[in-house]
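The values are calculated or read from the model by the stated rules, or taken from the named source; none is laboratory data. Model, not experiment: these values are computed from the prediction. Virtual Cβ from ideal backbone geometry, glycine too; neighbours counted across all protein chains shown.
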Amino acid sequence: MDDWICTEEIDLTPWAQLLMEREDVGIVRLGPPHPFMRGSIEIYTTNWQGWALKLERFGLCVGHRPELFHKRFTDFYGMWDENLNACETERLASVRYANMPGGPSIVMALPHKFFHRHSDVVPSLSEIEP
């Protein structure tokens with residue numbers, strides 16, 4: 001989705017490096033969490049950007065919010081479902097993630113630097129049917 005605005009400069013290098021070095025991680029989420037996510041805070045890199053929430057396989061873990069994917073994630077869990085709205089696509093991907101515990105995990109970078117852009121003129125992009 002394209003309704004997220006990065007509010008300040010962000011260095012993606014440590015997070016990309018994490019995906020290259022840690023085969024147990026498949027996604028680094030960079031934007032804000034979905035409601036009701038759960039996890040444990042862990043250190044993944046040696047600099048200040050290394051704090052992350054390792055997500056439990058619960059709720060909407062896989063999303064269309066700003067994030068970095070490694071190919072190993074889609075190799076294991078599959079690609080996005082097509083011809084559905086964004087909310088249903090996220091839900092189905094999260095269900096696969098929850099039901100396939102042997103694959104790479106998702107971590108959420110802390111803190112995030114994104115702001116959700118609201119519009120009174122157009123509908124939410126998550127509600128648009130393709």
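Data for the structure
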item: Those residues of region 65-88 which are within 19 Å of I128 (Cα to Cα) and either touching a strand residue (DSSP E or B) at 6+ places or on another chain (Cβ under 8 Å) or crowded, with 20+ Cβ neighbours inside 10 Å (or both), in sequence order; result: R65, P66
item: Enumeration of residues in region 100-112 that are part of a strand (DSSP E or B) and either closer than 13 Å to G59 by Cα or of a type in the set (A, V, I, L, M) (or both); result: I106, V107, M108, A109
item: Boolean, L55 is touching a strand residue (DSSP E or B) at 6+ places or on another chain (Cβ under 7 Å) and modelled with pLDDT under 95; result: yes
item: Filtered residues of region 55-76 (kept if basic (K, R) and more than 11 Å from I27 (Cα to Cα)); result: R57, R65
item: Filtered residues of region 74-99 (kept if of a type in the set (D, E), touching a residue at least 12 places away in the same chain (Cβ under 8 Å) and part of a helix (DSSP H, G or I)); result: E90
item: Some residue of region 64-78 being at pLDDT below 90, in contact with a helix residue (DSSP H, G or I) (Cβ under 6 Å, 6 or more places away or on another chain) and under 19 Å from A98 (Cβ atoms); result: yes
item: Matching residues, region 100-116, being more than 11 Å from W51 (Cα to Cα) and modelled with pLDDT of 90 or more; result: M100, P101, G102, G103, P104, S105, I106
item: Enumeration of residues in region 96-106 that are surrounded by fewer than 15 Cβ atoms within 10 Å (Cβ to Cβ) and of a type in the set (A, V, I, L, M); result: A98, M100
item: Considering residues of region 1-52 that are buried (at least 18 other Cβ atoms within 10 Å of the Cβ), assigned to a strand (DSSP E or B) and touching a Lys or Arg at 6+ places or on another chain (Cβ under 9 Å) only, the residue modelled with the lowest pLDDT; result: W4
